[in-house]
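The values are calculated or read from the model by the stated rules, or taken from the named source; none is laboratory data. Note that the structure is a prediction, hence the values are computed from the model and not measured. Note that we place each Cβ from the backbone using ideal geometry, even for glycine, and neighbour counts take in every protein chain shown.
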Amino acid sequence: MSTPTQATDISALIVGAGPTGLILACDLARRGLDFRIVEKATEYAVGSRGKGMQPRSMEVLDDLGVIDRILSYGQFHLPMRSYDGTTVLGDHDMHEGRHPTPDRPYESTLLIPQWRVEETLRWRLAEWGEGVELATELVAIEQNEDYVTATLQKSGTREQVRSKYLIGADGGHSFVRKSINVGFEGETWKQERIMTGDVRVNGLDRDHWHMWPKHKDGFVALCPLRFSEMFQFQAQVLTQEAGEPSLETFQRIIDERTGRIDLKLYAPTWLSLYRANVRMVDRYRVGRIFLAGDAAHVHSPAGAMGMNTGIQDAYNLGWKLGAVLNRAKESLLDTYEHERMPIAASLLGLSTRLHQQTFKDREMRRGEEVLQLGLNYRGSSLSWQDDAPTTPLQAGDRAPDAPLLDTDGSRVRLFDIFRGPRFTLLSRGRHDLQGLIRVGERFKQHLHAYTIENGPFQAAARNNQLVDDQGHVLRAYGGENDAVFLIRPDGYIGFIGGSKSIGFVESYLDQLHRER
Ligand SMILES: Cc1cc2nc3c(=O)[nH]c(=O)nc-3n(C[C@H](O)[C@H](O)[C@H](O)COP(=O)(O)OP(=O)(O)OC[C@H]3O[C@@H](n4cnc5c(N)ncnc54)[C@H](O)[C@@H]3O)c2cc1C
């Protein structure tokens with residue numbers, strides 16, 4: 001092994017190129033920050049793993065400009081067909097009755113293999129001129145008050161990297177977490193195992209998620225993965241005798257639990273045995289080092305929470321790191337743990353309940369809570385409210401979407417207006433135009449400010465004027481006569497107040513962006 005080469009200086013080192021690391025990399029790339037993302041694997045993962053993408057994650061991917069690609073590879077409302085042996089028991093849609101609405105453009109879980117999500121994020125990252133460094137493993141970390149020194153190992157050589165921040169997005173076995181002595185409390189359910197993999201199947205249609213829930217040895221399911229020839233195989237394993245995951249084992253399970261002799265599995269690309277772990281950290285940050293995604297919390301696969309929670313960890317951290325690296329106050333980074341830790345704890349509780357429901361009661365229907373649209377930061381120090389107008393929303397809530405018209409009279413959505421790495425200020429009713437201009441000018445690097453008028457659209461509109469021609473903004477946001485809403489870069493409402501509260505908006509942005 002060679003001695004480490006000279007340390008280099010960067011702003012952030014992201015360890016791990018799963019969905020969490022990739023989302024953070026995209027967010028930092030679009031802010032033009034100097035960072036690296038390293039991955040110890042020599043090749044990109046091919047497994048479908050977390051194939052359930054939740055609506056809130058789709059909103060994040062919309063903001064990053066990749067939602068059309070994601071939707072084209074995914075599938076909504078795939079009916080689940082249940083069998084008892086060879087008898088069809090019936091079809092049902094886990095998300096029956098859920099359809100897009102003006103305030104929620106993505107309303108139910110999208111089925112998409114995790115490798116496709118990762119591929120899409122790497123493609124987006126490449127558009128920003130960045131890429132993952134494969135076969136590059138973090139093997140040591142030290143930190144002091146000013147920077148983190150990481151030792152990276154690649155092809156037998158070692159390199160030292162000095163970065164202002166290091167983010168451990170390195171999965172459930174996180175080397176980063178262990179290196180900074182953060183505990184991972186919880187349980188491993190040794191008896192609750194699931195064999196899973198991607199295989200081709202002869203003799204089965206691709207229009208249903210096929211499920212045999214009733215066998216005494218546990219359920220088995222085959223879910224077609226769109227735009228591929230593959231099915232995701234999943235089988236509950238209740239006994240130790242099941243053996244190691246292999247095509248032969250998968251075939252034996254299918255033969256025994258379905259009673260069908262016509263189903264032939266072949267050409268596997270990924271085979272694994274998964275033990276349910278339910279664990280989380282008691283800290284998300286130690287000095288200049290952060291934990292995100294599975295490195296901070298692992299869930300049961302039931303309910304499709306893991307990947308989605310990681311995506312949102314990264315999105316919460318990205319804009320804060322961006323602001324602090326642009327000289328905002330360091331304390332902003334403390335809000336990452338304050339905001340995300342309670343959410344991880346509650347989602348751990350939820351996925352544990354769903355695990356019980358799926359694995360013991362064999363019940364597959366999913367409630368509203370899995371969509372992650374109701375998660376909020378109401379209790380956060382970043383959620384301010386003054387003299388709130390009449391609104392169904394509170395500071396800390398997700399900012400809803402709504403279709404409206406822009407200055408030219410073209411149809412846009414609020415999500416189009418929000419898209420990008422900055423805050424958005426919306427004012428409706430009686431505007432404090434002087435105040436809006438002043439705040440817009442002072443924080444022009446960090447903020448776009450808009451006024452919202454009631455319809456109909458009139459030509460010669462002011463710059464940055466939007467027209468709520470169908471009343472969708474009013475329905476979602478309220479505040480008809482007099483309201484301002486400050487939307488954070490990650491799509492949550494930072495401040496709600498009346499039009500006279502522009503001074504509070506100024507203080508809010510000041511505390512974030514005042515130089516240290
Ligand atoms: C069978 C199964 C089904 C699942 N179903 C769902 C689902 O439906 N929905 C859902 O949301 N989630 C699901 N999950 C969970 C989901 O796959 C994970 O939550 C998700 O992959 C976590 O993403 P991550 O980026 O945090 O970590 P990972 O995807 O684990 O990525 C971490 C990366 O870090 C790399 N790494 C580790 N150590 C180092 C090091 N020292 N140096 C450099 N790189 C390193 C690893 O190689 C890895 O690529 C499922 C998981 C499994 C196994």
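Just for segment 197-209: of the residues that are more than 27 Å from the chain's Cα centre (by Cα) and in a strand (DSSP E or B), which one is nearest to Lys51 (Cα to Cα)? Filtering first and then ranking leaves Arg200.
Being more than 14 Å from the ligand (Cβ to nearest atom) and surrounded by 14 or more Cβ atoms within 10 Å (Cβ to Cβ) is the filter here; which residues of segment 149-162 pass it? Hits for segment 149-162 are Thr149, Gln160, Arg162.
Restricted to helices (runs of 4 or more DSSP H) entirely inside segment 1-114, those with at least 3 residues that are within 17 Å of the chain's Cα centre (by Cα) and more than 17 Å from Glu130 (Cβ to Cβ) are 55-63, 67-73.
One line per residue, one yes/no per condition, for (1) surrounded by 24 or more Cβ atoms within 10 Å (Cβ to Cβ); (2) outside the structural domain of Leu33 (by TED's automatic domain parsing):
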{"position": "Arg260", "(1), (2)": "no, yes"}
{"position": "Leu263", "(1), (2)": "no, yes"}
{"position": "Phe290", "(1), (2)": "yes, no"}
{"position": "Thr309", "(1), (2)": "yes, no"}
{"position": "Tyr315", "(1), (2)": "yes, no"}
{"position": "Leu321", "(1), (2)": "yes, no"}
{"position": "Lys329", "(1), (2)": "no, no"}
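Might you let me know whether segment 194-205 holds any residue that is buried (at least 16 other Cβ atoms within 10 Å of the Cβ), free of Cβ contacts under 8 Å to residues at least 60 places away in the same chain and either closer than 30 Å to Arg69 by Cα or not assigned by TED's automatic domain parsing to the domain that holds Pro113 (or both)? The answer is yes; a qualifying residue exists.
Yes/no per residue for (1) part of a loop (DSSP other than H, G, I, E, B); (2) outside the structural domain of Val15 (by TED's automatic domain parsing); (3) hydroxyl-bearing (Ser, Thr, Tyr); (4) touching a helix residue (DSSP H, G or I) at 6+ places or on another chain (Cβ under 8 Å):
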| position | (1), (2), (3), (4) |
| --- | --- |
| Gln153 | no, no, no, no |
| Arg158 | no, no, no, no |
| Lys164 | no, no, no, yes |
| Ile167 | no, no, no, yes |
| Gly172 | yes, no, no, yes |
| Val176 | no, no, no, yes |
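Of the residues making up segment 270-292, those that are more than 16 Å from Ile180 (Cα to Cα), under 23 Å from the mean Cα position of the chain (by Cα) and either more than 12 Å from the ligand (Cβ to nearest atom) or not aliphatic (A, V, I, L, M) (or both) are Tyr274, Arg275, Asn277, Val278, Arg279. Within segment 36-59, the set of residues being within 6 Å of the ligand (Cβ to nearest atom), surrounded by 22 or more Cβ atoms within 10 Å (Cβ to Cβ) and farther than 18 Å from Leu78 by Cβ comprises Val38, Glu39.
Determine whether segment 455-462 contains at least one residue that is in a strand (DSSP E or B) and surrounded by fewer than 17 Cβ atoms within 10 Å (Cβ to Cβ). Scanning segment 455-462, I find no residue that is in a strand (DSSP E or B) and surrounded by fewer than 17 Cβ atoms within 10 Å (Cβ to Cβ), so the answer is no.
Considering only residues that are assigned to a loop (DSSP other than H, G, I, E, B) and buried (at least 20 other Cβ atoms within 10 Å of the Cβ), which ones fall in segment 398-420? Scanning segment 398-420 gives Ala399, Pro400, Asp401, Ala402.
Checked against (1) more than 14 Å from the ligand (Cβ to nearest atom); (2) more than 22 Å from Phe76 (Cα to Cα); (3) buried (at least 20 other Cβ atoms within 10 Å of the Cβ), His210 meets all criteria but (2). When segment 165-208 is filtered for residues that are over 29 Å from Thr86 (Cβ atoms) and of a type in the set (A, V, I, L, M), the ones remaining, listed by number, are Leu166, Ile167, Ala169, Val176, Ile180, Val182.
Out of Glu118, Glu142, one residue alone is farther than 30 Å from Leu404 by Cα and out of contact with any strand residue (DSSP E or B) (no Cβ under 7 Å at 6 or more places or on another chain). It is Glu118.
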